[in-house]
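Beneath this line is the structure, given in structure tokens, with notes to follow.
The values are calculated or read from the model by the stated rules, or taken from the named source; none is laboratory data. Here the structure is a predicted model, which is why all the values come from computation and not from measurement. Every residue, glycine as well, gets a Cβ built from its backbone with ideal geometry; the counts of neighbours run over all protein chains shown.
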Amino acid sequence: MYENTISWLLEDENPSVKYFTLKDLLNKEKEAKEVKKEIPQSKIVKKIFSKQNEEGFWESRENPYIPKYKATYWQIMLLGYLGMDRDDERVRRACEYIFKFQQKEGGFSETGIEKAKKEYEYTKERCLKRGKKPPDETKFVDDLIHQMELSCLTGNTVSALIRIGYENDKRVLKALRWLADIQNRDGGWLCPYWKAHIRDTHSCFYGTICALEAFSEVKNVFKETIKRGVEFLLMHRLYRADHHNFEVINKKWLELSFPWFYSYDILRGLYVLTKLGIKDERMKDAVKIIKSKEKEGKWILEKTPNGRMHTNIEKKGKESKWITLNVLRVLKRMGDLV
């Protein structure tokens with residue numbers, strides 16, 4: 001049914017897509033391994049590494065999160081999606097740099113010590129101008145780093161680390177345990193220490209999809225955690241409000257995006273659920289929407305942070321090999337790729 005589409009995905013100009021097409025759609029593991037060797041030489045990967053510092057980080061030594069989509073966390077996520085792995089010494093350096101920001105509980109923090117200290121100096125200056133006593137520096141710094149130990153960031157980082165080859169690393173297992181421990185009562189996830197979420201009870205879709213994607217990479221463990229997370233997505237039909245006549249929560253979630261950083265859309269929801277082996281009637285509505293977007297066997301890139309990354313992946317509004325690949329992955333897992 002999608003023979004012409006598959007041929008398009010197998011074109012040499014995008015070795016990452018070609019690799020995953022062979023591996024995930026055609027089950028040609030031997031050929032896929034040969035193509036994977038070409039990924040480090042692709043234009044996108046070479047551009048990303050051209051911006052890497054020799055110590056392993058991108059942009060700032062002190063802040064792996066900012067600027068968004070250019071700092072180190074985001075490059076780790078992107079390299080994981082592109083099919084890079086720890087056999088590459090540049091990837092290993094980047095991953096070891098990121099582990100410096102893992103907290104004692106297991107999660108990864110947006111904020112490092114140096115950034116927190118700068119934030120303290122700013123807060124101190126404001127307090128003094130207002131005639132107020134500044135907070136204790138040590139307590140302020142520790143609290144800010146703790147607050148910014150985020151479920152979405154940890155989920156994304158762990159997913160990438162596992163794809164890159166750190167699935168058996170004790171630090172990754174520690175992060176997964178933390179995600180399991182902080183799972184919300186409704187089955188989804190919030191950022192547990194962030195003051196912006198302190199009064200929230202309903203889980204955040206962004207935190208949920210990122211955490212659940214991490215668990216989809218190790219689906220034979222944390223089964224109860226996965227079961228509850230899956231049900232959270234299903235009870236919302238992946239994009240509808242369960243207590244408000246199933247109205248669409250956010251129309252932007254119907255737009256198909258790549259890369260998947262911390263954002264959510266129905267394709268990402270379906271990708272994660274089907275990777276976990278889920279086939280449920282409550283997914284059909286989302287599948288129908290995605291099928292309706294097909295244009296002669298291909299799908300359009302509708303949302304992407306172009307202009308904010310070190311290099312654009314594809315052109316927004318144009319036929320997308322990445323979106324098409326991910327749609328076909330979903331359809332194959334559901335038994336619809338005929």
Long-range neighbours under 8 Å by Cβ, at least six apart or interchain, first residue of a type in the set (A, V, I, L, M, F, W, C) and surrounded by fewer than 12 Cβ atoms within 10 Å (Cβ to Cβ) within segment 1-16, second at pLDDT below 95 and part of a loop (DSSP other than H, G, I, E, B): Met1/Leu337; Met1/Val338
Wholly enclosed helices (runs of 4 or more DSSP H) of segment 46-152 bearing at least 2 residues surrounded by 15 or more Cβ atoms within 10 Å (Cβ to Cβ) and under 16 Å from the mean Cα position of the chain (by Cα): 72-82, 89-99
Test: residue in segment 240-247 that is small (Gly, Ala, Ser) and buried (at least 16 other Cβ atoms within 10 Å of the Cβ): no
Output for segment 153-191, where each listed residue is touching a helix residue (DSSP H, G or I) at 6+ places or on another chain (Cβ under 7 Å), not charged (D, E, K, R) and not in a helix (DSSP H, G or I): Tyr166, Ile182, Gln183, Gly187, Gly188, Trp189, Leu190, Cys191
Cβ-Cβ under 6 Å pairs, at least 6 apart or on other chains, segment 221-244 side over 17 Å from Leu267 (Cα atoms), far side surrounded by fewer than 17 Cβ atoms within 10 Å (Cβ to Cβ): Ala241/Glu247; Asp242/Met235
Qualifying residues in segment 96-141 (those that are among the acidic types (Asp, Glu) and without any contact (Cβ under 8 Å) to a residue 12 or more places away in the chain) - the one nearest to Ile198 (Cα to Cα): Asp136
Residue list for segment 278-296, filter: of a type outside the set (A, V, I, L, M, F, W, C), part of a loop (DSSP other than H, G, I, E, B) and under 28 Å from Phe232 (Cα atoms): Lys279, Asp280, Lys293, Glu294
Of the criteria (1) buried (at least 20 other Cβ atoms within 10 Å of the Cβ); (2) part of a loop (DSSP other than H, G, I, E, B), which one Leu270 fails: (2)
Single match in Trp299, Trp253, Trp260, Trp322 (criterion: of a type outside the set (D, E, K, R) and assigned to a strand (DSSP E or B)): Trp299
Odd one out for Lys303 among (1) in contact with a Ser or Thr (Cβ under 8 Å, 6 or more places away or on another chain); (2) buried (at least 19 other Cβ atoms within 10 Å of the Cβ): (2)
Odd one out for Lys275, checked against (1) over 26 Å from Thr72 (Cα atoms); (2) of a type in the set (D, E, K, R); (3) surrounded by fewer than 17 Cβ atoms within 10 Å (Cβ to Cβ): (3)
Test result for Tyr206, hydroxyl-bearing (Ser, Thr, Tyr), part of a loop (DSSP other than H, G, I, E, B) and under 28 Å from Asn168 (Cα atoms): no
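With the structure loaded, tell me whether Lys28 is at negative phi, without any contact (Cβ under 8 Å) to a residue 60 or more places away in the chain and touching a helix residue (DSSP H, G or I) at 6+ places or on another chain (Cβ under 8 Å) or whether it fails that test.
Yes, satisfied.
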Leu301, sole failed condition from (1) within 15 Å of Phe205 (Cα to Cα); (2) in contact (Cβ under 8 Å) with a residue 24 or more places away in the chain; (3) not charged (D, E, K, R): (1)
